[in-house]
Amino acid sequence: MPEIEIANEVAGMDIAKETGNSQEFELARMRHSCAHLMAQAVNELFPEAKFAIGPAIEHGFYYDIALSQTLTPDDLSAIEERMRNHQRAAEPFTRNEISRDDALSLFGDNPYKIELIEGFSLDEEISTYQQGDFLDLCRGPHVNTTADIGAFKLQSIAGAYWRGDERRPMLQRIYGTAWPTTGELESYLERLEEAQRRDHRRLGRELDLFSVNDEIGPGLILWHPKGAIVRYLVEQYEQKEQLERGYDLVYTPHIASEKIYKTSGHLETYRENMYAPMSIEEVDYYLKPMNCPGHIMIYKNQVHSYRDLPIRLAELGTVYRYERSGTLHGMLRVRGFTQDDSHIFCTHEQIVAEAEGVIDFARHMANVFGYGFATYLATKPTKAIGDDATWDRATHALRQALERANLDFELDEGGGAFYGPKIDIKWLDALGREWTGPTIQVDFNLPERFDVNYIGEDGERHRVAMIHRTLLGSMERFVGGLIEHYAGNFPAWLAPVQVALIPITDHQNTFCREVETRLREFDLRVAVFDHSDRMQAKIRDAQLQKIPYMLVVGKREVEADSVSVRLRTGEDLGALTVDAFLALVQPIITSRSLTLTSPLEVTSAAN
Ligand SMILES: [Zn+2]
Ligand SMILES: [Zn+2]
């Protein structure tokens, strides 16, 4: 059975939004036309094939096909060849409008098209497009002729449930990519190859960072020692920063009674994402899908005056949310994950300063991990609670914070949650891909539902302003992203093993063990490669493990209390005394430098 994938998901990365941009539109039209071209070829080779849907997606297109025979990569080449023949023939795409009844009889032997037609509203215009002998149900639009389709390549075959529903039939999905020119196609395929080389699932296995185990269950991550140390270092660093920035750390339980989720509204609006309850002394308890209710109860445990605000509660909170098995993807899309979650309780006047503080924090984290930054301000959607004045005020506050931080941002019109506007920050990784990053979400809903207040200067009770904030998102997705961003080459401060000690012969084993002890005293993570392999094999092994520093030790080095320093990049730093090596690496590690040869220069006194 082919790997199961889901439509329109490039896991973790955000699909380019529908921008209304005409260039994007033309590209999508061309790619969708290429899907028809592919269906035409498939239809010739497999006349019994039934076509379901064939949309354009980011970078290309797919078509879902019902076919008893399982398609193979060889079939893809045969399909491609026929596509090229039809492309050369410059067959025009012709549109026809037909009645609903004609459509139902024309596609009578295709249950998928019938279901689509039956789903159309009665006044909907129904049209077909035909090129050559191939006719398809389609709204269009299409390019003029098959010759207007650019350079394409069929990429893979996957299983896909009809309408993404695991109770419906599984279809075969052929993915393809299409570009205006051959050059663009080639450069895309190169980028793709690079992305596959960096795939965190592959590197996670090769570097022994994490696994997913069927007996534990899909979408549940097992962090191996080498992955766990990376997560621990990230968490420890963030917690330290949070404390310095005036956050208070809290812990809340993994389960909570139904009472809280009734009040929060989660049982009403979020139930399909929650797991079935367990009954404890006749009360239903749920695995927590979000940390907010617990933090609100901590805030509400006492009466707060305006002088106490802002209160910033932070937790590495593990939550469990239902995701369909077909959508799970390595560490990027999982069923249990730990958010670096915080809830800021403040006055409405403080929203600007608080958002500004989070933006500064987010910027700092982007620098530490070497990410670029893309920022969006999401405004009021059509379905929303709260009056316009409240929305305007909060949206204005977020905008002001962005402007004060001198941050370029794009407006995501109508992209806010129903309960408030938000700032979305995307990390831009080494390949220029966008990853979900920090969010700063104002919430008008929960303070109402939970009646969350503070006592103002006037002695009256006032509704608190509440901000949900994550910086890294979830530890799973963030570390998964880091693996791809660094291609497994973690900077020295994060590398699971920082130093490999490589004795040339057994005679240097004792000295290497001594050096190991000395380095460990300075908290370096060291492995001694004293197995019986030849030196070259040990170096290769250390390189495959992407260990930043390899210290080779022979007779001469022992005599001089030194080590020969090689980097995983292949660079050779020559012989250094053990003390000189320590003097080199310690500032690199403590400054969290992204290079292996020099510490990060501190450019400003702040942070
Ligand atoms: Zn079409
Ligand atoms: Zn929250």
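For the stretch 303-314, the criterion of being modelled with pLDDT under 95 and either farther than 19 Å from Ile423 by Cβ or surrounded by fewer than 18 Cβ atoms within 10 Å (Cβ to Cβ) (or both) is met by no residue.
Got a sec? Which of Pro421, Pro381 is modelled with pLDDT of 95 or more and either on the phi < 0 side of the Ramachandran plot or exposed (fewer than 15 other Cβ atoms within 10 Å of the Cβ) (or both)?
Criteria check complete, one pass: Pro421.
Yes/no matrix, rows are residues, columns are (1) of a type outside the set (S, T, N, Q); (2) away from ligand 2 (no atom under 16 Å from the Cβ); (3) modelled with pLDDT of 95 or more:
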site	(1), (2), (3)
Leu428	yes, yes, yes
Arg433	yes, yes, no
Ile455	yes, yes, yes
His468	yes, no, yes
Glu484	yes, yes, yes
Ala487	yes, yes, yes
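Of the residues making up the stretch 546-590, those that are of a type in the set (S, T, N, Q) and modelled with pLDDT under 95 number 1. List the pairs whose first member sits in the stretch 294-305 and is closer than 15 Å to His343 by Cα, whose second member is loosely packed, with under 15 Cβ neighbours inside 10 Å and modelled with pLDDT of 95 or more, and whose Cβ atoms are under 8 Å apart, counting only residues at least 6 apart or on separate chains? Going by the 8 Å Cβ cut-off, the qualifying pairs are Gly294/Pro253.
Any residue at all in the stretch 14-33 that is within 16 Å of ligand 1 (Cβ to nearest atom), closer than 26 Å to Glu434 by Cα and of a type in the set (Gly, Ala, Ser)? Within the stretch 14-33, one or more residues are within 16 Å of ligand 1 (Cβ to nearest atom), closer than 26 Å to Glu434 by Cα and of a type in the set (Gly, Ala, Ser). Only one of the numbered conditions (1) buried (at least 20 other Cβ atoms within 10 Å of the Cβ); (2) assigned to a loop (DSSP other than H, G, I, E, B) is violated by Tyr63, and that is (2).
Residue by residue, here is whether (1) closer than 23 Å to Arg477 by Cα; (2) aliphatic (A, V, I, L, M) holds:
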site: Asn273; (1), (2): yes, no
site: Met278; (1), (2): no, yes
site: Val303; (1), (2): no, yes
site: Tyr322; (1), (2): yes, no
site: Gly326; (1), (2): yes, no
site: Leu332; (1), (2): yes, yes
site: Gln350; (1), (2): no, no
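Of the residues Glu58, Glu26, only one is free of Cβ contacts under 8 Å to residues at least 12 places away in the same chain, of a type in the set (D, E, K, R) and more than 16 Å from ligand 2 (Cβ to nearest atom); which?
Answer to the check: Glu26.
In the stretch 325-351, the residues that are of a type in the set (Phe, Trp, Tyr) form Cβ pairs under 6 Å with partners that are within 16 Å of ligand 2 (Cβ to nearest atom) and outside any strand (DSSP E or B), at six or more places apart or across chains, as follows: Phe345/Tyr299; Phe345/Val464. With respect to the conditions (1) out of contact with any Asp or Glu (no Cβ under 7 Å at 6 or more places or on another chain); (2) under 16 Å from Ser33 (Cα atoms); (3) touching a residue at least 60 places away in the same chain (Cβ under 8 Å), Asn144 falls short on a single one, namely (3).
Within the stretch 231-275, the residues that satisfy the criterion of being at pLDDT 95 or above and hydrophobic (A, V, I, L, M, F, W, C) are Leu233, Val234, Leu243, Leu249, Val250, Ile255, Ala256, Ile260, Met274. Those strands (runs of 3 or more DSSP E) of the stretch 217-330 in which at least 3 residues are within 24 Å of Arg363 (Cα to Cα) and among the hydrophobic types (A, V, I, L, M, F, W, C), considering only elements entirely within it, cover 311-320.
Exactly one residue out of Tyr251, Tyr247 is in contact (Cβ under 8 Å) with a residue 60 or more places away in the chain, closer than 15 Å to Ala314 by Cα and in contact with an Asp or Glu (Cβ under 7 Å, 6 or more places away or on another chain): that is Tyr251. The single residue among Val442, Val515, Val479 that is of a type in the set (A, V, I, L, M), touching a Lys or Arg at 6+ places or on another chain (Cβ under 9 Å) and not in a strand (DSSP E or B) turns out to be Val479.
Annotation: Glu571 fulfils all but one of (1) under 24 Å from Asn367 (Cα atoms); (2) loosely packed, with under 12 Cβ neighbours inside 10 Å; the unmet one is (1).
The values are calculated or read from the model by the stated rules, or taken from the named source; none is laboratory data. Please read these numbers as outputs of a predicted model, since none were measured by experiment. FYI the Cβ positions are ideal-geometry reconstructions off the backbone, even for glycines, and counts take in every protein chain you see.
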